[in-house]
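Read through the structure below, which is laid out as structure tokens, and then see the notes.
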Amino acid sequence: MLTFLRSAIILEIVYSGLMQSRQPFLADFLDKLVNVCGDHVIGDPARLAVYESDGLTAKRVLPGVVVLPDTIAEVQAVIRLCYEYNVPLVARGAGTGLSGGATPHSEGVLLGLAKFNRIIGVDPINRTARVEPGVTNLAISEAVRELGLYYAPDPSSQIACTIGGNVAENSGGVHCLKYGLTVHNVRKLKVISPEGEIYEVGSDALDSPGYDLLSVMHGSEGLLGIVTEVTVNLLPKPENVCVVMAGFDSVAGAGDAVGAVIEGGILPAGLEMMDKPAICAAEAFVSAGYPLDVEALLLCELDGTATEVSTQLSRLREIFSNYGARDVEVAFDEAARARLWQGRKAAFPAVGRIAPDYYCMDGTIPRRELASVLTQITRLSQYYALGVANVFHAGDGNLHPLILYDANRSGELERAEAFGAAILELCIEKGGTITGEHGVGIEKIDQMCVQFTEEELKLFHGVKASFDEKGILNPGKAIPTLHRCAEFGAMHVHRGEDKFPHLDRF
Amino acid sequence: MDLAAQVARLYRARQPFHIVGGGTKSFLGNPADPDLPRVSTTNHEGILAYEPAELILRARAGTSLVKINEVLAAEGQMLGFEPPDFDGRATLGGAIAAGLSGARRPWYGAARDFVLGVGLITGEGRYLEFGGQVMKNVAGFDVSRLVTGALGTLGVIADVSLKVLPAPESVVSLCIPCNRQDAHRMMLDLSNRSIPISGACHSDQALWVRLSGTNEAVEAARTHGILAGAQVADTPIWKTTSNFTLKGKTLWRLSVPPSSPALLDECNVIDWGGAQRFLADPDFNPRHRLDEGHATLIRTPPAEASPEPFAELSPAVWKITRRLKQAFDPAELVNPGRLYQGL
């Protein structure tokens, strides 16, 4: 009786919230949802507003309803209801994603999975950890530190972002050149299908029979299934780590040095570049000790056995000096390394201090195109009359231009978005991609029409339908409909072919 | 005729066919139907792009692994997943379609980990490109990795872009005579240490350990605990284990968590630091004895298709698998039955 009363009260709250909002759900659906999840259902507009965006704050949508379950059975029941009533379902971890993968659906359920934050077990011999999807990225490394192990991918939001979100976005970080993305560091997933069925992909062994569904789930942005458990690989902590900082008089010079390091047979754990605006912003913010009179700064991390690190360090010094590096600083102890990294890791908030708003892009280019791309970005910056600071995962060609704007000035947001779109199209033209690690979400969905042909997009829809026949999972994200591409008016640009007439204006 | 046109012609005739490269992997999967036509990739060959400073190589499917290895070695680089080359006859397309990785796999990654992009000819004869020639790319679903190891059933791989790695300065293989149990214990111990290990295998009553890295790092590792005083192996076994040269016999390949005790005493070879084991006993089906992992039946010569060579998929995964096949190859013409019957 009490349970019934409680449900009735909650239902009324949910209803009253939803009545004020748009499209009401089928009463039947809501009844059942509240029956299953009780006070884990949020319908009150004030509380719904908390979930109106993820890290892509420029896009805000009030969710139809939010559900924050705390058992797998509950998650399964919510999914089954959505399936039965054809209600869109958007999964959300910590909401730190930068491309709008977790932007809510106004007529759908937003399924928050942050309560699933348990580390289920650690297997030190096989070097794996089984964790729930809401565990934060950093919490995994912290939990296994005593064992001399760590989890390698380290997106800059690692203190907050969840492993479930990392799988959905195939997140990277500063160490991917050597240690790979999330897809290279996950062994097994437990997934709930849109029909509510639980299945596993991958295995506790190093491979599994059949198609590699484990890979396809990575970076699928919540379109294929809801992940409820992740088995990650752990690595032994390297015996020795050092960070080298070097300043250069030109971005091209720093880019050449990066190429020479890799051609010289060194695979650094991390290799990052910042341009002058980014260096100045970071230095003003955290006083990392960066030189302010250089055009580009490289941060290079070497790890391995003590002997390996010392051999590679002397080679690295030689290469850097051949390429005219100055203000070279080498840090071995943890505090000094942390100081050098701090400026790079704080680059985004640092840039946030010099402009009211910034828009972070995420294109990847073949590294040899770096100097030409940065030159074009500078010209685009003049054309759109907006500043830009560049940070760059130089080792793997992943560029993060931060476009500076002021949302309160009329037209600046639109100009920033147009500037961003032009950068992405430039990346495609140079043989690169529109997203290296942040995902497509809703942010880059129109550029997908430029990167892929109609037939390629059709096949993506075929993959989507293989997992989610009814299309209830995160509809409208990641893969544009052909109709949308027709409206956007974009022509597919074949990789590497220069045919961007509208860029010729600069 | 170019590959895509050839597939398109077969599609118009709704004619099922098999893909063949170097023809070295007939032992894997169900046997190809001898009555069906073959689409050969061997003339579709050549390296399309190689940028040592970018660590990226792109080549056509029919390019021989030997050629690729030579080109990489000239620049001091290598394929990280060490695909078996089967006496020099294996092609890149076959290596990726089969998804086989060599002795280095547990420490460096599998074939799928190094695939950055593919050009794929679908069952309807359309050439489509997925992934790319950059290290990081999350635009669209990861079709490149999906077709890796699909044994050609999702279409004809026409070209592949791979991440390559710097080759180590020094490689030393050591041999320690011991039994399986001791070897297994040592493998697990070595894998958990920060030493530059690139192979750990028990075969022929000995543990074989390979170290790769800078000269100094390899020398330092050689003095490490159990490796101190180990004999240097002049004729290392790395190639033989990944080439499945126990063939001639029917083999079971077990893929298990490294520490698994499963069939430790019965296995002929324990490779991959414990994670891959071979059992040469045709009459013995080990599947019921595996709590974790899976077993693959490797027949030489390929015989009647019973039981299925690859372990059974769960109903939910099979349903997705069937639908994916439909999406890539709607008329179900490409490599019918090679991976599973009915696929």
Divide by every residue of the protein assembly as shown the summed helix terms, -39500 (n - 2.57) for each DSSP H run of at least 4, and state the resulting mean residue ellipticity at 222 nm, rounded to the nearest 500 deg cm²/dmol.
-9500 deg cm²/dmol
19 Å cut-off, amide nitrogen to a point 7 angstrom out along B:ASP189 Cα→Cβ, residues in segment B:209-228
B:209-211, B:220-228
Could you check the simple spin-label distance between A:LYS59 and B:ALA73, using points 7 Å along Cα→Cβ, in nm with one decimal?
5.0
Which log10 I(q)/I(0) values does the protein assembly as shown give at q = 0.06, 0.11 Å⁻¹ under the Debye formula, counting every alpha carbon as one identical point scatterer?
-0.38, -1.37
May I ask you to list the residues of segment A:110-147 whose amide nitrogen lies under 20 Å from a point 7 Å from Cα along the Cα→beta-carbon direction of A:LYS470?
A:110-112
Output ³J(HN,Hα) for segment A:92-107: one whole-Hz value per residue in order, computed from phi by the Karplus curve 6.51 cos²θ - 1.76 cosθ + 1.60 with θ = phi - 60°, and x for Gly and Pro.
9, x, 8, x, 9, x, 9, 10, x, x, 10, 4, x, 9, 5, 10
Could you run the Karplus curve 6.51 cos²θ - 1.76 cosθ + 1.60 with θ = phi - 60° over segment B:220-234 and give me ³J(HN,Hα) per residue in whole Hz, x for Gly and Pro?
5, 5, 5, 8, 6, x, 5, 8, 4, x, 5, 6, 6, 8, 7
Given the Cα atoms of chain B, and with Rh set as the inverse mean 1/r over their pairs in the Kirkwood sense, what is Rg to Rh to two decimals?
0.97
Rounded to 0.05, the calculated FRET efficiency for the beta carbons of A:ASP39 and A:ILE120 at R₀ = 22 Å is 0.30
Chain A - Cys residues lacking any other Cys C-beta under 4.7 Å:
A:CYS37, A:CYS82, A:CYS161, A:CYS176, A:CYS242, A:CYS280, A:CYS300, A:CYS360, A:CYS427
Rg/Rh for segment B:200-343: what does it come to with C-alpha atoms and Rh from Kirkwood?
1.08
Say each of A:ARG415 and A:ALA73 gets a label point 7 Å from the Cα, pointing the same way as Cα to Cβ; how far apart are those two points in nm?
5.8
Once phi is turned into θ = phi - 60°, what whole-Hz ³J(HN,Hα) does the Karplus curve with 6.51, -1.76 and 1.60 give for every residue of segment A:314-327, x standing for Gly and Pro?
5, 5, 4, 4, 5, 4, 4, 5, 4, 9, x, 5, 9, 6
I need the Kirkwood Rh of segment A:300-437: take the reciprocal of the average 1/r across all distinct C-alpha pairs and report it in angstrom.
16.9
Hey, got the dipole for segment A:338-388? About the Cα centre, +1 on K and R Cβ, -1 on D and E Cβ, debye to the nearest 20?
280
Can you give me the convex hull volume of the Cα atoms of chain A, divided per residue and expressed in Å³?
160
Per residue, the convex hull enclosing the alpha carbons of segment A:55-135 has a volume in Å³ of 104
Bin all alpha-carbon pair distances of segment A:173-327 at 10 Å intervals from 0 and give each bin's fraction as a whole percent.
10, 29, 23, 20, 15, 3, 0
Taking amide H atoms as placed 1.01 Å from N in the peptide plane, list the residues 5 or more away in sequence, or in a different chain, whose amide H sits under 5 Å from that of A:GLY97.
A:GLY55
For q = 0.18 Å⁻¹, Debye-computed log10 I/I(0) when each Cα of segment A:228-303 counts as one equal scatterer
-0.78
Near the amide H of B:ALA331, under 5 Å away, which other amide H atoms are found, from residues 5 or more places off or on another chain, if H is placed in the peptide plane?
none
Provide, as a two-decimal number, the C-alpha radius of gyration of segment B:1-103 over 2.2 N^0.38 Å, N being how many residues it has.
1.18
Once amide hydrogens are built 1.01 Å from N within the peptide plane, the residues lying 5 or more places from B:ALA200 or on another chain with amide H under 5 Å from its amide H are B:ARG210, B:TRP272, B:GLY273
Toy charge model, Lys and Arg Cβ at +1, Asp and Glu Cβ at -1: chain B dipole around Cα centroid in debye, rounded to 20, equals 720
Can you give me the Rg/Rh ratio for segment B:134-208, using Cα atoms for both radii and the Kirkwood formula for Rh?
1.15
Say each of A:ALA252 and A:ARG379 gets a label point 7 Å from the Cα, pointing the same way as Cα to Cβ; how far apart are those two points in nm?
1.4
Taking a ≥ b ≥ c as the square roots of the eigenvalues of the Cα gyration tensor, with a/c under 1.5 meaning rounded and otherwise prolate when a/b exceeds b/c and oblate if not, segment B:91-227 is prolate
At a Förster radius of 56 Å, what calculated FRET efficiency corresponds to the Cβ-Cβ distance of A:ALA46 and A:GLU295, to the nearest 0.05?
0.70
Two decimals is fine: what is log10 I(q)/I(0) at q = 0.22 Å⁻¹ for segment B:98-170, from a Debye sum with one equal scatterer on every Cα and no solvent?
-0.99
Over all Cα pairs of segment A:305-347, how is the pair count split among 5 Å bins, expressed in % and running from 0 up to the last occupied bin?
5, 18, 20, 23, 23, 10, 1
Given 10 °C and 1.306 mPa s, compute D for segment A:74-226 with the Stokes-Einstein relation, Rh being the Kirkwood radius over Cα pairs; round to the nearest whole µm²/s.
99
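Only the coordinates and a few stated rules stand behind these numbers; no lab work does. Keep in mind that this is a model prediction, so the values were computed, not measured. FYI the Cβ positions are ideal-geometry reconstructions off the backbone, even for glycines, and counts take in every protein chain you see.
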